[in-house]
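Heads up, the thing below is written out as structure tokens.
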Amino acid sequence: MENPSPPEEEPALRTIAMPEDTNAEGDIFGGWLLSQMDLSGASVATRRADARVVTVGIESMTFHKPVFVGDELSCYASVRKLGRTSLTVDIEAWVRRSRRDEFILVTEGLFTYVAVDDDRNPRPVNG
């Protein structure tokens with residue numbers, strides 16, 4: 001079920017979709033959106049783990065609506081599950097269409113990160 005408005009907490013990331021983020025047809029690349037979601041999820045996971053994290057999986061990713069040049073993209077991320085070395089993060093991507101206060105859920109996904117030490121070996125999540 002699609003939410004009528006974005007979560008009330010501060011977004012983990014906010015950016016504007018720009019012309020250089022498009023393909024030859026002028027559509028925003030799905031990969032650009034995926035990378036913004038990954039950045040936001042990693043930011044939340046890093047703070048929660050109190051450690052560097054690496055992305056190890058995307059369990060699900062659903063594109064609901066397109067993102068257009070000029071849209072303000074906000075990604076909201078929250079930890080769903082905490083493992084010994086891993087964190088599973090729910091991520092929602094919302095846009096505010098330019099010059100309007102219309103908010104639209106465009107994408108949602110479930111990403112998994114693993115906390116790593118300086119040698120990039122898994123380490124326990126601080127808890």
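The values are calculated or read from the model by the stated rules, or taken from the named source; none is laboratory data. From a predicted model like this one, the values you see are computed outputs, not experimental measurements. FYI the Cβ positions are ideal-geometry reconstructions off the backbone, even for glycines, and counts take in every protein chain you see. With ligands, DNA and RNA removed, areas are computed over all heavy atoms of the protein, side chains included. Shrake-Rupley method; radii C 1.70, N 1.55, O 1.52, S 1.80 Å.
Things worth noting here:
- Applying 0.36 nm per residue to the separation of residue 35 and residue 10 and subtracting their alpha-carbon distance, the gain on full extension is 7.1 nm.
- In the chain, the portion of solvent-accessible area held by carbon and sulfur atoms comes to 48 percent [1.4 Å probe, whole percent, DNA, RNA and ligands not counted].
- The chain, helix-only ellipticity at 222 nm - DSSP H runs n ≥ 4, -39,500 (n - 2.57), divided by all residues, nearest 500: -5500 deg cm²/dmol
- Based on protein heavy atoms only, the range 20-127 ends up with 53 Å² per residue of surface accessible to a 1.4 Å probe.
- Per-pair calculated FRET efficiency, R0 = 22 Å: residue 119 and residue 56 via Cβ, rounded to 0.05: 0.85
- Summing +1 for each Lys or Arg and -1 for each Asp or Glu among the other residues whose beta-carbon sits under 9 angstrom from that of residue 68 gives -1.
- In the chain, the longest principal axis of the Cα atoms and the axis of helix 30-49 are about 40 degrees apart.
- Spin-label proximity, residue 25 to the range 96-110 - amide N less than 19 Å from point 7 Å beyond Cα toward beta carbon: 106-107
- About the Cα centre, charge dipole magnitude for the chain (Lys/Arg +1, Asp/Glu -1 at Cβ), debye: 360 debye
- Relative contact order [Cα under 8 Å, 6+ residues apart], the range 1-124, whole percent: 30 percent
- Think of the chain as having a plus end and a minus end, set by charges on the Cβ of Lys, Arg, Asp and Glu; of 86, 16, 69, 86 sits farthest toward the positive end of this dipole.
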